[in-house]
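Everything below concerns the one structure shown next.
What follows draws every value from the coordinates through simple rules; no lab data is involved. Because the structure is a prediction, the values reported are computed rather than measured. Here the Cβ positions follow ideal geometry from the backbone for every residue, glycine too, while neighbour counts run over all protein chains shown.
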Amino acid sequence: MDRTETVPRVTGLMRIGPRGLGLTLILLAFAVLPLFVRSPYYIHLLILFLMWLGLGESWNLLGGFTGQVSFGHAAFFGTGAYVTSLLYIGPGVPLVLAGLLGGVFAAVLSIPIGLVCFRLRGPYFALTILGFAEILRLIAINWRSLTKGPVGVLFPPIFRDKLPFYYIVLGLAVLTIWVVWATLRSKAGYYFRALRDDQEAANALGIDPTRFKLFSLILSAFLTGLLGGFFAPYQGYIDPDVVFSIPDISIAMIVVAVLGGMGNLWGPPVGAVIVVVLSEILRTTLGGAHLLVYSAVIIAIVVFLPEGLVGWFGRLLARSAGRRGDLPLPAESRPAAASPALRLARGNPASAGEDRRREGALLRTEKVTKAFGGLLALQGVDLQVQPGEVLGLIGPNGAGKTTLLSVISGFERPTSGRIHFNSHDITGFPPHRNTHLGVARTFQIVRPLGKMTVLENAVTAALANTVRVSAAREKAEDVLQFMDLYPRRNVLAANLTLAERKRLELARALATSPRLLLLDEVAAGLNPTETKTVVAILERIRDAGISIVAVEHVMQVIMSISDRIVVLHYGRVLAEGKPAEVARNPEVIQAYLGVAEATGRA
């Protein structure tokens, strides 16, 4: 029976659900609130709250969910404000269209800024994008013929009172929240969070870092530009020092997101309330010193409540309800027979392997050399991997094993030589491109996407070759069932044991639908029982016909799963052959144990 046949149809309010109904009621409350709040001052505060809510959400998309902390969002706010003002006042473009073009212009401007800034990471990115904001401020000051320079632009009055502005900014705030919410539920949303948690791991899952960070920046800049376009007519006057202000715009946006909780959809509303109230109090009592309070608040939150007020409150609720965030939800029973991953493991390995081996080598390296300065990590390495074959790669520490996997997977570019996979020359291809071709890898030191659940980790990987999130979720559940991780699917990856993290990383690699698995010490650090579990899983993967190149120091693992073994020593191929042949090779024994010990054994 199809899964959908067992789900009853729902209509109306039943389809909305409790959370949707609650959000609808909140929206209705904001819609009728001006009927009860007659004071222009309090309407003004509500407008500021909604504007900062939208600005906090737009910054949070890039800084909180994608992990790219920006100190330069004033560039997009100011651009939206100026474009809207100049189009409306000059050629007389309708206000709505002028505001929309302000957001579009900010988004277009973000593309060259992003292409430059995303070459850098961490504080270097943050400072570089701040520099662009300052450059735009100086351009606005000095391009007097267009922007009126430091004199600023006076916006003609549009409405007689503040009420129309309230409903405009309410619509913009709702739009911003919806865009962020919808994005997070999409393929891009999974990719944004993966990049936030670990860019290298994300790259190995088929994610192009520059492309998706740029997409996040474009969305964020567009929303910020729209709100800048609203600010100009509402304020009635703009100048470069106001709309391009780093402290009053960029830093305030960060404060809104950090206070409520970075990477939390409901963080900016909480942060916006605090920022608006604090600003009104501090501006009248401390004047310009309110920025010092902002700084102190940011430091206090980062040090004592890094998850923000919303995350902290959620943790308190979980404790009071007797639940902990690191405990899994009850597992649903899923019939093993329904799992494609399990059926694949039960296929006919002999016939599959024989058919695939007739195709020729799946992977072939030709004279691959990799130099780090004057150190040759790899020296003319030639090897082949047949379809369905398990190749063990062993050697002493520093022999070049992990470097070879990095070169094949695209994390390192070879100094010379060629790499061919499935009849394609993939020399120098980036990791995400190799993943889409069918090359997947694990890392020597496990790299879970720690702030995402086990299921979200697997879904992110499955999206490499799946368009729809729903299809990726089904595939991810199958892989987790295959890896005996399904009962732990709702646990944050950061809360897993080492053995579970190893299996999760292997599950992620499998979820990308690889033809070749590059495994880097998947049994390292495991106890004998956990090692046996890993061996059993690798045997099932091998039986499914997936080719494997396995780097391993645990000989029990490498000898039991390998069809053939290659020994590296000082970056060169020292020996190659069946496991039993390699184990008896005197040169291999000498490389591992030293001349004296090898002679004694002989």
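Numbers at a glance
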| read-out | value |
| --- | --- |
| Segment W312-W178, length gained on full extension (0.36 nm per residue, minus Cα span) | 45.8 nm |
| Estimated FRET transfer efficiency when R0 is 30 angstrom, pair A29-L97 (beta carbons, to 0.05) | 0.50 |
| Length released on extending from S39 to T415, taking residue separation times 0.36 nm less the Cα-Cα span | 128.3 nm |
| In nm, spacing of pseudo-spin labels at R319 and Q444 (7 Å Cα→C-beta vector) | 4.0 |
| Simple label model, 7 Å out from Cα along Cβ direction - V116 to A583, nm | 6.1 |
| Long-range lysine pairs (8 or more apart or interchain), the chain, Cα under 25 Å | 16 |
| Mean shadow area of the stretch 47-116 over all directions, Cα convex hull, nm² | 5.3 |
| Given charges at Cβ of Lys, Arg, Asp, Glu: the chain dipole, positive-most of I546, F192, Q556 | F192 |
| Size descriptor, Kirkwood hydrodynamic radius, that averages inverse alpha-carbon separations across the stretch 38-320, Å | 19.0 |
| Exposure rule at most 14 other beta-carbon atoms within 10 Å, DSSP loop chymotrypsin sites (Phe, Trp or Tyr not before Pro): the chain longest free segment | 160-602 |
| Segment Q556-E539, extension gain: residue separation times 0.36 nm, minus the distance between their alpha carbons | 4.8 nm |
| Rg/Rh (Cα only; Kirkwood hydrodynamic radius) as it applies to the chain | 1.06 |
